[in-house]
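*Asks:* Structure below; questions to follow.
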Amino acid sequence: MNQSIQFTDQPVEKLPLNIAESKEEGAKEIASIIGDLIKERNVQGKKTVLGLATGSSPILIYQELIRLHKEENLSFKNVVTFNLDEYFPMSPENKNSYVRFMHEQLFDHIDIPKENIHIPDGSLEIRKIEKFCSKYEKKIKDHGGIDIQLLGVGRSGHIGFNEPGSAINSTTRLVKLDPITIADAAKDFGSEKSVPLRAITMGVSTILNAKQIILTAWGKHKSLILKKMIEEDVTTKVPASFLQLHNAVTVYADEDATSELSRTKAPWIYGMVTWTPKMVKRAVIWLSLELEKPILKLTDDDYKAKGLIDLLALYDGAYDLNITVFGQIRDTISGWPGGKPGAFEKTRPERPEPAVKRSLIFSPHPDDDVISMGGTLLRLADQGHDVHVAYQTSGNIAVFDDDALRFSSFSVDLMRSQNNVSPEHEKDHQELVKFLKTKKSDDIDTPYVKNIKRLIRQGEAEAACRFCGVKDENVHFLYLPFYETGLVEKNPMSDEDVKIVVDLLRKVQPHQIFAAGDLQDPHGTHEVCLQIIFAAIRQIRAEGDSWLNDCYVWLYRGAWQEWDVEDIEMAIPISPDELKRKRKAIFKHQSQKDSPVFPGEDNREFWQRAEARNRTTARLYDKLGLTEYEAIEAFVKYPFDDEESFLK
């Protein structure tokens, strides 16, 4: 049993946790541990047996191991590997196979002998799988067991593909995939219906027999399952919790992944904290919600009972402390996202002047603007501001093939009705029909199909902007190159991406910029789009453009997550009627209606998610004792003069 397990009324971490400054730094540290063991065994003339994982989490580890091989002569000739799992059925040549993944991400770049590589075979006949699994287990034992097992953790709580309900004594076998796992895999396969329903996986017992286990968890979307795995009891509902029973496990996570842990949510539970203004605000909000009492009703006894007595000393009691924090939250509320003309209260989030602002809204996909800040967009337009919307990517991969066929057919029928259809147009349409009939899940769309899908999303975005009152000439389609791969996997951002955004910023010279700080979209597109904006702003600042000195940058969320109340700096109330108008704007994006291609972890429609998040934010303000609103859209101001403090 892990010696770190304790029994107490307070939350306790039951697994050793290493919080890395970044996933890159964490990956380097893990690769160093693996590399040191390989070097030690090589000197001894012994083999090193590694259990390897797939998915996004270990990629950076594999990249560092490749660097160690190429730059520091780390040899893998005496390394034997056993992979955790493989989809079933799955051809090794399929772009989504773990055989292909492992060769592309690691094996093709190091000197490991082919015969030392072991990966479950997803191409077997089903009647042969049981025998294969028995042999897989025997091979692991014959090699002396696994020295280091790498793991990620799925949102279902799986390790390998040991889904909820897996037994602690389970071994390598064929399993059914959990619906959450299938939904998460849709981004790789193009749609949920293309994801295999089963997989071959090492069992829980197989994993726990490894001498050392290293689990990685990067990103906020892993935070809830990490909390269950680390702080809660062992249960078959969360197979990753079985790791608490191993005596040599280390969990590596970044700060985002630990955001739901008690050490992050309520660090005062564990001991002394540095009471920064942000930490004070977080503590008071936490206490109010924990006790279900409005902030202004909290008493000295409430603070003492929950371990916050030292906070009382800083503010001379609950009365002054409550008023201070209540005032900070109250001052985030504004019905004027572009600033209220003639109002000179210093507490308002936005400046009153100029009375008419140029507002530039960046939207990663052609619907993020109305989904995440549609109410604010409508308010800006209604209040007379010069609103611009910049769509950063085409979003073409998120259009169903059937929609592409429908629009292509319509275009041909339209031209025929006008006796104006060209042979080239007819030919393109017929090729589209033929391609879509035979298209496989890993086929890349033809240029004509991609163009049809691009125009579908463009037309929907233009319709939504017209509905919201944005001028036609103020709608900008950037089509950033990093996105246009035709695949879910995108290219890294490039100088050309940054240049396109720099040129637009200099053309518009906005007084305020709105950008998506919602980084949990399934593809990672939002994060790349945000980094491109940041790079463009830094370049313009470095080159001394004076207009940027008077430009605020507001980050919105809403499609996939929402800001915590303690982080919100501008809260725009949305009335019931405005919420209906926002919904109609979202409905203009018909290709994303009902069931989008990439729903992510939430199967509700985008308008339903957005309204639920907006209403939840409003309810939280209400619970804290603020005015009750129908809904609230929330924003955080990005401080380019104090980025380090913000990122902490």
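*Asks:* For every other residue with a beta carbon closer than 12 angstrom to the beta carbon of Ile285, add +1 if it is Lys or Arg and -1 if Asp or Glu, then tell me the sum.
*Replies:* +2
*Asks:* In what sequence, highest mean first, do 356-364, 35-43 appear when ranked by Cβ atoms within 10 angstrom?
*Replies:* Top of the packing list down: 356-364, 35-43.
*Asks:* Are there any trypsin sites (Lys or Arg not before Pro) in segment 550-630 that are in a DSSP loop and have at most 11 other Cβ atoms within 10 Å? List them by number. Walk me through the intermediate numbers first.
*Replies:* Working: sites: Arg557, Lys580, Arg581, Lys582, Arg583, Lys584, Lys588, Lys593, Arg604, Arg609, Arg613, Arg615, Arg619, Lys623; in loops: Arg557, Lys588, Lys593, Arg604.
In loop regions of segment 550-630 (DSSP not H, G, I, E or B), the sparsely surrounded trypsin sites (Lys or Arg not before Pro) are Arg604.
*Asks:* Quick one: in segment 172-306, what % of C-alpha pairs are over 26 Å apart?
*Replies:* 43
*Asks:* On to the next question. Just to be sure I understand the model, the point goes 7 Å from the Cα along the line to the Cβ. What's the resulting Asp402 to Leu314 distance in nm?
*Replies:* 5.6
*Asks:* Then there is this: Which whole-number percent is the relative contact order of the chain (Cα, under 8 Å, 6+ apart)?
*Replies:* 12
*Asks:* While we're on this one: Projected area of the chain, taken from the Cα convex hull and averaged over every viewing direction, in nm²?
*Replies:* Mean projected area for the chain: 32.6 nm², to one decimal.
*Asks:* Could you tell me, in Å, what Rg and Dmax come out for the Cα atoms of segment 328-470?
*Replies:* My reading of the Cα-based Rg and Dmax gives 21.5, 66 Å.
*Asks:* Let me ask you something else. In whole percent, and with a 1.4 Å probe on the protein chains, what portion of the accessible area of segment 223-272 is carbon and sulfur?
*Replies:* The nonpolar share, carbon plus sulfur, comes to 49 percent.
*Asks:* What's the center-to-center distance, using Cα atoms, between segment 534-568 and segment 571-588 in Å?
*Replies:* The distance from the Cα centre of segment 534-568 to that of segment 571-588 comes to 24 Å.
*Asks:* If you don't mind, another one. Rounded to the nearest 0.05, what FRET efficiency do Glu292 and Lys440 give with R0 = 41 Å and r taken as the Cβ-Cβ distance? Could you check? Each step should come with its number before you reach the end.
*Replies:* Values: r = 54 Å, r/R0 = 1.31.
The computed FRET efficiency comes out at 0.15.
*Asks:* Mind checking the per residue accessible area of the chain for me, 1.4 Å probe, whole number of Å²?
*Replies:* Per residue, the chain has an accessible area of 45 Å².
*Asks:* Which value in deg cm²/dmol, rounded to the nearest 500, describes the helix-derived mean residue ellipticity at 222 nm for the chain, given -39,500 (n - 2.57) per DSSP H run of n ≥ 4 and division by the residue count?
*Replies:* Computed ellipticity for the chain at 222 nm equals -13000 deg cm²/dmol.
*Asks:* Keeping all protein chains in position, work out how much accessible area Thr236 exposes to a 1.4 Å probe, and write it in Å² to the nearest 10.
*Replies:* Roll a 1.4 Å probe over it and Thr236 shows about 60 Å².
*Asks:* Moving to a separate point now. How many percent of DSSP beta bridges within the chain run antiparallel, rounded to 5?
*Replies:* That works out to approximately 30 percent antiparallel.
*Asks:* Oh, and also: Give me the extension gain from Ser422 to Glu29: residue separation times 0.36 nm, minus the current Cα-Cα distance, reported in nm with one decimal.
*Replies:* Numbers: separation 393, 0.36 × 393 = 141.48 nm, distance 6.08 nm.
This chain segment gains 135.4 nm when fully extended.
*Asks:* Using modelled amide H (1.01 Å from N, peptide plane; none on Pro or chain starts), what sits under 5 Å from the amide H of Ile574, excluding residues fewer than 5 places away?
*Replies:* Glu630, Ala631, Ile632, Glu633
*Asks:* Near Val251, within a Cβ-to-Cβ distance under 12 Å, what is the net charge of the other residues, with Lys and Arg +1 and Asp and Glu -1?
*Replies:* Charge balance near Val251 sits at 0.
*Asks:* Are there GluC sites (Glu not before Pro) in segment 256-346 that DSSP marks as loop and that have at most 14 other Cβ atoms within 10 Å, and which are they?
*Replies:* Counting only loop positions with at most 14 other Cβ atoms within 10 Å, the GluC sites (Glu not before Pro) in segment 256-346 are Glu292, Glu345.
*Asks:* Within the chain, which whole H helices from DSSP have a Cα span along their axis of at least 18 Å and a mean Kyte-Doolittle hydropathy of -1.0 or more, if any?
*Replies:* Helices passing the filter in the chain: 23-44, 59-72, 277-291, 368-382, 401-417, 447-468, 495-508, 525-542.
*Asks:* Something else: With bins 5 Å wide starting at 0, give me the P(r) of segment 212-258 over every alpha carbon pair, in whole percents.
*Replies:* Going out from 0 Å in 5 Å bins, segment 212-258 shows 5, 23, 30, 26, 13, 2 percent.
*Asks:* Suppose each label sits 7 Å from its Cα in the direction of the beta carbon; what would the Arg604-Ala167 distance come out to in nanometres?
*Replies:* So the two model labels end up 3.9 nm from each other.
*Asks:* I would also like to ask the following. Would you tally the net charge around Asp108, using a Cβ to Cβ cut-off of less than 12 Å, leaving Asp108 out, and scoring K and R as +1, D and E as -1?
*Replies:* So the environment of Asp108 carries a net charge of 0.
*Asks:* Which shape class, rounded, prolate or oblate, goes with segment 152-217 when its Cα gyration tensor gives a ≥ b ≥ c as root eigenvalues, a/c under 1.5 marks rounded, and past that a/b bigger than b/c marks prolate?
*Replies:* The shape class here is prolate.
*Asks:* Continuing with this model, one more query. How about segment 464-549: which trypsin sites (Lys or Arg not before Pro) there are in a DSSP loop, with at most 14 other Cβ atoms within 10 Å of their Cβ?
*Replies:* Counting only loop positions with at most 14 other Cβ atoms within 10 Å, the trypsin sites (Lys or Arg not before Pro) in segment 464-549 are Lys471.
*Asks:* Please compute the length gained on full extension between Thr324 and Tyr448, using 0.36 nm multiplied by the number of residues separating them and subtracting their Cα-Cα distance.
*Replies:* 38.7 nm
*Asks:* Suppose R0 equals 45 Å. What FRET efficiency, 1/(1 + (r/R0)^6) with r the Cβ-Cβ distance, do Lys471 and Arg155 give to the nearest 0.05?
*Replies:* 0.60
*Asks:* Right, here's the next one. Order of 21-27, 280-286 by packing, highest average Cβ count within 10 Å first?
*Replies:* 280-286, 21-27
*Asks:* Read phi for every residue in segment 202-212 and hand back ³J(HN,Hα) as whole Hz from Karplus 6.51 cos²θ - 1.76 cosθ + 1.60, θ = phi - 60°, with x for Gly and Pro.
*Replies:* Working through the residues one at a time gives 4, x, 4, 4, 4, 5, 5, 7, 5, 5, 9 Hz.
*Asks:* Given a Förster distance of 22 Å, report the FRET efficiency between Asp300 and Lys265 from their Cβ-Cβ distance, rounded to the nearest 0.05.
*Replies:* So the FRET efficiency works out to roughly 0.45.
The values are calculated or read from the model by the stated rules, or taken from the named source; none is laboratory data. Not measured: the values here are computed from a predicted model. Don't worry about glycine lacking a Cβ; one is built from the backbone with ideal geometry, like all the others, and counts go over all protein chains shown. Keep in mind that these areas ignore ligands, DNA and RNA; they rest on the heavy atoms of the full protein, side chains included. Shrake-Rupley method; radii C 1.70, N 1.55, O 1.52, S 1.80 Å.
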